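The values are calculated or read from the model by the stated rules, or taken from the named source; none is laboratory data. For clarity, every value in this text was computed on a predicted model and none was experimentally measured. Cβ: placed from backbone, ideal geometry, glycine included. Neighbour counts: every protein chain shown.
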Amino acid sequence: MAIFFHQQKELRLQNWEKDGLLHLRSKDILGDNAYASDRTLLDDTLTITARAINRSIYTRQYARKRIGIFNEYWTSLGGGELRALHIGLALLHIGDVYIISRQSIDLAKICGHFGLSSQGLKQAVIPDFGEKDTAYLDIFINTAFCSKIHSRAKKSAYLVSFPHMGGDASEMLSYDVLIANSIFTQRWCHNYWPASTTDLLYPAVDVSSSTVTHPKEKIIVSVGRFFFSGHNKKQAEMVTAFRELIQDARYADWRLVLIGGCNKAHSVDQDYLSRVQASAQGLPIDIFVDAPSQLVEDYLNRAAIYWHATGVGLPDFYPDQFEHFGMAIVEAMSHAAVPIIHGRGGAPEIVQNGQYGFCFDTLDSLVEQTSQLMALQQTQPDEFMRLGQAARKRSMDFSLTAHNQRLNMIVDQYLS
């Protein structure tokens with residue numbers, strides 16, 4: 001189990017105490033024949049050193065910053081966890097970064113799932129992690145959804161996926177800055193916690209290795225976890241829309257590919273997946289659950305169109321159930337798949353309707369817009385390719401390089 005830094009300090013002090021290093025006097029080093037001035041000087045030095053050790057393992061002047069990144073759901077392997085790891089890796093150059101969890105986790109495996117290396121990151125497993133523990137940190141970054149931890153760190157930031165109703169405003173004020181993942185989220189932060197300082201940091205998407213296959217195949221792909229509650233990815237609704245689309249003989253040779261994980265420990269999520277699979281029976285629909293990353297890349301590379309339907313059918317007073325950003329959309333765009341997405345939440349900031357893809361409001365409009373794009377792909381392939389290339393170029397605005405440059409600005413402004 002990982003040991004937190006203040007626990008390391010206590011263990012080290014105990015070892016020094018046991019070895020007698022905190023009670024050295026000049027005679028222990030110089031013997032009895034040294035000049036009195038030498039003994040006095042050394043006694044003073046040893047006293048100062050012992051006091052410094054008791055204050056801190058290292059003097060503050062030379063210590064690397066202690067940076068803690070906390071999340072309660074590391075093993076869910078979602079976009080929020082990837083976002084937190086990207087930030088942790090980006091901050092290694094300014095301090096020691098501790099990945100904090102309340103249960104033991106396999107950090108190397110989690111990083112490997114996202115194609116990242118855990119090298120340089122430290123782990124801290126603290127079952128009752130809370131306010132008191134943040135006091136040992138120079139920088140505390142809380143990435144846990146609906147967290148109620150009050151920060152006592154020297155500097156702190158709360159990464160907001162979406163503000164939670166009922167959140168204590170005083171808790172939010174203990175953070176130097178709330179970092180939103182989209183302008184949509186930032187506006188709702190202002191609504192819920194108007195006294196807090198907020199800033200914008202779009203999540204990073206590694207688009208550097210994305211490839212493109214031409215010509216694109218007649219495939220529509222959608223990537224997202226299969227789960228029933230919250231901002232459900234609406235795979236069931238996409239199956240319904242696709243069934244209607246292929247009633248037109250011109251599009252009967254298209255396929256829909258749904259890819260995503262499913263928490264089999266949650267029966268409601270498993271039941272939802274089963275319903276989606278049953279509704280897709282007999283249709284040209286492929287469903288891949290917990291697929292390897294290479295399969296995801298392969299289908300994004302081949303697909304002509306990308307669908308994202310989170311929030312469709314919901315009224316505007318359920319903002320938490322819309323897509324807050326949409327990392328999968330950016331990843332698809334990096335492969336030149338033309339996105340058609342639900343036009344609520346943070347995702348339209350990526351697509352900017354008509355420039356880098358298209359937005360829809362209802363399932364009927366999803367069918368209509370997709371039909372038009374399918375026709376374009378068949379009759380004007382050069383124009384369709386241009387749309388794909390525009391989407392790919394836009395995806396570069398959310399690269400790791402762009403993310404880290406923006407993150408450094410936020411650290412300099414609020415956390416230094």
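Of all the residues in the range 272-281, those that are within 13 Å of GLN235 (Cα to Cα) and either modelled with pLDDT under 95 or not small (Gly, Ala, Ser) (or both) number 5.
Here LEU300 clears all of (1) within 24 Å of the chain's Cα centre (by Cα); (2) within 25 Å of ASP364 (Cα to Cα); (3) modelled with pLDDT of 95 or more; (4) not in a helix (DSSP H, G or I) except the condition numbered (4).
Report, by residue number, each residue of the range 207-236 that is over 20 Å from the mean Cα position of the chain (by Cα) and assigned to a strand (DSSP E or B). Result: GLU217, LYS218, ILE219, ILE220, VAL221.
Of the residues GLN186, GLN235, only one is closer than 20 Å to VAL160 by Cβ and either at pLDDT 95 or above or surrounded by fewer than 20 Cβ atoms within 10 Å (Cβ to Cβ) (or both); which? Walk me through it before giving the result.
Details: GLN235 fails: closer than 20 Å to VAL160 by Cβ.
Going through GLN186, GLN235 in turn, the sole match is GLN186.
On inspection, SER156 fails the criterion of being surrounded by fewer than 23 Cβ atoms within 10 Å (Cβ to Cβ) and either farther than 24 Å from PRO348 by Cα or not β-branched (Val, Ile, Thr) (or both). Based on this model, can you work out whether SER170 counts as assigned to a helix (DSSP H, G or I), out of contact with any strand residue (DSSP E or B) (no Cβ under 8 Å at 6 or more places or on another chain) and more than 26 Å from GLY346 (Cα to Cα)? Against the criterion (assigned to a helix (DSSP H, G or I), out of contact with any strand residue (DSSP E or B) (no Cβ under 8 Å at 6 or more places or on another chain) and more than 26 Å from GLY346 (Cα to Cα)), SER170 qualifies.
Yes or no: GLY282 without any contact (Cβ under 8 Å) to a residue 40 or more places away in the chain, of a type in the set (Gly, Ala, Ser) and within 18 Å of VAL257 (Cβ to Cβ)? When the stated conditions are applied, GLY282 passes them.
Pick from LEU200, LEU256, LEU245: which is within 26 Å of VAL312 (Cβ to Cβ) and in the same structural domain as GLU171 (by TED's automatic domain parsing)? So that I can check it myself, show each step before the final result.
Numbers: LEU256 fails: in the same structural domain as GLU171 (by TED's automatic domain parsing); LEU245 fails: in the same structural domain as GLU171 (by TED's automatic domain parsing).
So the residue among LEU200, LEU256, LEU245 that is within 26 Å of VAL312 (Cβ to Cβ) and in the same structural domain as GLU171 (by TED's automatic domain parsing) is LEU200.
Which condition breaks for SER222 when tested against (1) more than 28 Å from ASP316 (Cβ to Cβ); (2) modelled with pLDDT of 95 or more? Checking SER222 against (1) more than 28 Å from ASP316 (Cβ to Cβ); (2) modelled with pLDDT of 95 or more, the one that fails is (1).
Got a sec? Which of GLN369, GLN355 is assigned to a helix (DSSP H, G or I) and of a type outside the set (Asp, Glu)?
GLN369
Being in contact with a helix residue (DSSP H, G or I) (Cβ under 9 Å, 6 or more places away or on another chain) and either assigned to a strand (DSSP E or B) or basic (Lys, Arg) (or both) narrows it down to one residue among ILE149, ILE141, ILE110; which is it? Let's see the steps before the verdict.
On the way: ILE149 fails: either assigned to a strand (DSSP E or B) or basic (Lys, Arg) (or both); ILE110 fails: either assigned to a strand (DSSP E or B) or basic (Lys, Arg) (or both).
From the options ILE149, ILE141, ILE110, the qualifying one is ILE141.
One residue stands out in the range 141-181 among those that are within 15 Å of the chain's Cα centre (by Cα) and among the polar types (S, T, N, Q): the one that is farthest from GLY230 (Cα to Cα), namely ASN142.
Are any residues in the range 138-165 among the aromatic types (Phe, Trp, Tyr) and at pLDDT 95 or above, and if so, which ones? Quick ask: steps written out before the conclusion?
Residues of the range 138-165 that are among the aromatic types (Phe, Trp, Tyr), as a first pass: 140, 145, 158, 162.
If the condition is that a residue be among the aromatic types (Phe, Trp, Tyr) and at pLDDT 95 or above, then PHE140, TYR158 are the ones that fit.
Screening the candidates GLN378, GLN372 for the property of being at pLDDT below 95, surrounded by fewer than 15 Cβ atoms within 10 Å (Cβ to Cβ) and more than 30 Å from GLY88 (Cα to Cα) yields one hit, GLN378.
Please enumerate the residues belonging to the range 355-386 that are touching a residue at least 12 places away in the same chain (Cβ under 8 Å), closer than 16 Å to ALA252 by Cα and not β-branched (Val, Ile, Thr).
If we filter the range 355-386 for residues that are touching a residue at least 12 places away in the same chain (Cβ under 8 Å), which is where we start, we get 355-363, 366-367, 369-371, 373-375, 377-378, 381, 384-385.
Narrowing the set further to residues that are closer than 16 Å to ALA252 by Cα leaves 367, 370-371, 373-375, 377-378.
Passing the criteria: SER371, LEU373, MET374, ALA375, GLN377, GLN378.
Against the numbered list (1) surrounded by 20 or more Cβ atoms within 10 Å (Cβ to Cβ); (2) within 12 Å of the chain's Cα centre (by Cα), TYR98 comes up short only at (2).
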